[in-house]
Amino acid sequence: MGQAISPAAFDQFFAYAPLAIGLAIYLVFYIAKRHEVTEPGIPIGQTFACASCGRRGARDHMVPREHEGAVSWYCARCAGSH
């Protein structure tokens, strides 16, 4: 029986196979994840201070007001007066 693949070619194939397989795995994950949209998480324990009186409260209890491209947060009491 004659050898179809030389020992040097066989050794070289198995020397580069882990690198090629690893790069293929990274490429597949990169393609799968590149268009994934991440939404901002819920701010657990984060509070906002009222821009008028300084009273602190959760974001759900504050009212955002936009002015000159910025957003200020007001408590329900101060939001009614502005």
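Name the strands (runs of 3 or more DSSP E) wholly inside the stretch 7-82 in which the number of residues that are hydrophobic (A, V, I, L, M, F, W, C) and without any contact (Cβ under 8 Å) to a residue 24 or more places away in the chain is 1 or more. In the stretch 7-82, 56-58, 62-67, 70-75 are the strands (runs of 3 or more DSSP E) which contain 1 or more residues that are hydrophobic (A, V, I, L, M, F, W, C) and without any contact (Cβ under 8 Å) to a residue 24 or more places away in the chain. Taken together, 8, 4, 15, 58 contain a single residue that is closer than 22 Å to residue 74 by Cβ and either among the aliphatic types (A, V, I, L, M) or modelled with pLDDT of 90 or more (or both), which is 58.
The values are calculated or read from the model by the stated rules, or taken from the named source; none is laboratory data. Values in this document were obtained by computation on a predicted structure and should not be read as measured data. In this analysis, Cβ positions are derived from the backbone assuming ideal geometry, glycine residues included, and neighbour counts consider all displayed protein chains.
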